[in-house]
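The values are calculated or read from the model by the stated rules, or taken from the named source; none is laboratory data. Just so you know, these numbers come straight off a predicted model, no measurement behind them. No Cβ is skipped: glycine too gets one built from the backbone with ideal geometry, and neighbour counts run over all protein chains shown. Remember, those area values only see protein heavy atoms, side chains included, never the ligands or the DNA or RNA. Shrake-Rupley method; radii C 1.70, N 1.55, O 1.52, S 1.80 Å.
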Amino acid sequence: MKIAYLTGEYPRATDTFIQREILAVERAGVEVERFSVRRTGDEHMVGPQQLSERAATTYLLSSPLPSILGDLRAAARRSPKRFFSTLKLAVKTRRLGLRGTAKQAAYFVEAAHLAEEMRRRGVTHLHNHFADACCTVAMLASELSGIPFSFTLHGPGIFFEAHEWKVGTKIGKSAFCATISSFARAQASILCSPADWHRVRIVHCGVELPEIDLDAVREAGPPRLLFVGRLDKVKGVTVLFDAVAELATSGAKLELTLVGDGPQRAELEARAAALGIDGAVRFTGYQSQPAVQEHLRRCDVFVLPSFAEGVPVSLMEAMAQGKPVIATNVGGVTELVTDGVNGRVVIPGNVAALRDAIAELVADEQKRKRFGIAGRSRVAEEFASDIEARRLVTLFRAVADGPLSDESDDSWSERPVPATV
């Protein structure tokens, strides 16, 4: 079995979970060809894994134009019927307006190039991450080639534009749609016909469990808070800054480290200075995975104050390190974090609630340790990379044997049983 993976831009510093998944799928005995629409910028090359993955990836838009157009002609000659039915699908699923039509024409050409590349390499299944433009390319490439495709639906952003990106049509055309949470599965079920619900299966993003010492002596210094993620308004970092500022005003001494980068960085740096907490806040930018793990090892509390999330991989990584977490009650977060059991879950946008949760955990070392142990156990049970990758492999193999069952008593309806290796 040879699988092709496609994303819009791969590998990125922010999508290490996809890199882990591909490597775990390969460990499960499946050959993987990596494709990306665009080449990743050097700012994402934060470690040897990203460099290695970039070297192993074929970039559709980096191919010479004559080669791309040659594949378009080859696809048309190979099966005029498929070519024109795919063209009809492209017209049907285009975004509105001249710009949307022009982009869809580009996606069609990219899809023809990908279809021919998959045929040349003997690919038997195409899997795509994210449901926007690259998934359109995957759907059209599948239609052109006859190679079945599937995709992982993340959220939450795609659910705001689901009809524009024709997510329901993509589910109906797919062999299956892997959703990262029950929340995402419910959203997908709204978007597609009940006749297609059997295609929607839950496969979590996964993390690896590092070796840790829960009895290690804490390094000296003020309590350390950590945020890992894209510096974007959706992550709610301004709320975190306000909470830290209020704690500082009451006399608390804290250190806050932000790992990641993004469009809000300059605004956040200015806000920290305006609040008078810039001396306690450290911006590190993108970091390699070993560096992220070191930040997690040293922190006392991990905080993710987002306004919208799927099931955050950064939370999983913190919990895998045995760290207590504070998150918000959005998306699929509560499928990972149970308030008062393995972390604290607060109302999004509520500075007082976030402030009090931080103060509570900073003051109680035993609670931090108890939450950390429970959180690591939760991740080990439901979010381990190798187990989740084998669930995907189970689905790949099932599709190779024919369409998934749509019977009401189908035992696949929730979580595929992971394949044995």
- request: Scan the range 368-403 for residues that are of a type in the set (Gly, Ala, Ser), part of a helix (DSSP H, G or I) and either more than 21 Å from the chain's Cα centre (by Cα) or surrounded by 20 or more Cβ atoms within 10 Å (Cβ to Cβ) (or both) and jot them down.
  value: 372, 374, 375, 377, 385, 389, 398, 400
field: Only one of 105, 133 that is at pLDDT 95 or above, among the small types (Gly, Ala, Ser), touching a strand residue (DSSP E or B) at 6+ places or on another chain (Cβ under 9 Å) and surrounded by fewer than 22 Cβ atoms within 10 Å (Cβ to Cβ)
entry: 133
- prompt: If you go through the range 285-299 one residue at a time, do you hit one that is among the β-branched types (Val, Ile, Thr), over 17 Å from the mean Cα position of the chain (by Cα) and farther than 18 Å from residue 345 by Cα?
  reply: no
- request: Any chance you could count how many residues in the range 210-231 are touching a residue at least 40 places away in the same chain (Cβ under 8 Å) and β-branched (Val, Ile, Thr)?
  value: 2
query: Hey, does the range 37-54 have a residue that's over 26 Å from residue 104 (Cβ atoms) and either modelled with pLDDT of 95 or more or among the hydroxyl-bearing types (Ser, Thr, Tyr) (or both)?
result: yes
- prompt: Just for the range 311-322: of the residues that are more than 21 Å from residue 131 (Cα to Cα) and assigned to a loop (DSSP other than H, G, I, E, B), which one is nearest to the chain's Cα centre (by Cα)?
  reply: 321
- prompt: With respect to the numbered conditions (1) open to solvent by 10 Å² or more (accessible area, probe 1.4 Å); (2) closer than 20 Å to residue 335 by Cβ; (3) among the basic types (Lys, Arg), which one is the sole condition not fulfilled by residue 201?
  reply: (1)
message: Every residue in the range 188-231 that is aliphatic (A, V, I, L, M) and within 24 Å of residue 370 (Cα to Cα), please.
response: 207, 209, 212, 214, 216, 217, 220, 225, 226, 228
task: Being among the aliphatic types (A, V, I, L, M) and out of contact with any strand residue (DSSP E or B) (no Cβ under 6 Å at 6 or more places or on another chain) narrows it down to one of 333, 313, 325, so name that one.
output: 313
- line: Checked 159, 176, 149 against criteria (in contact with a helix residue (DSSP H, G or I) (Cβ under 6 Å, 6 or more places away or on another chain), more than 21 Å from residue 388 (Cα to Cα), among the aromatic types (Phe, Trp, Tyr) and in contact (Cβ under 8 Å) with a residue 12 or more places away in the chain); the one match is 159
task: Hand me the list of helices (runs of 4 or more DSSP H) wholly inside the range 63-154 holding 3 or more residues that are basic (Lys, Arg).
output: 65-78, 80-92, 97-121
statement: Residue count, the range 13-63, condition aliphatic (A, V, I, L, M), closer than 26 Å to residue 420 by Cα and open to solvent by 30 Å² or more (accessible area, probe 1.4 Å), comes to 1
task: Working only within the range 293-310, note down all residues that are open to solvent by less than 10 Å² (accessible area, probe 1.4 Å), at pLDDT 95 or above and either aliphatic (A, V, I, L, M) or not in a strand (DSSP E or B) (or both).
output: 296, 299, 301, 303, 304, 305, 306
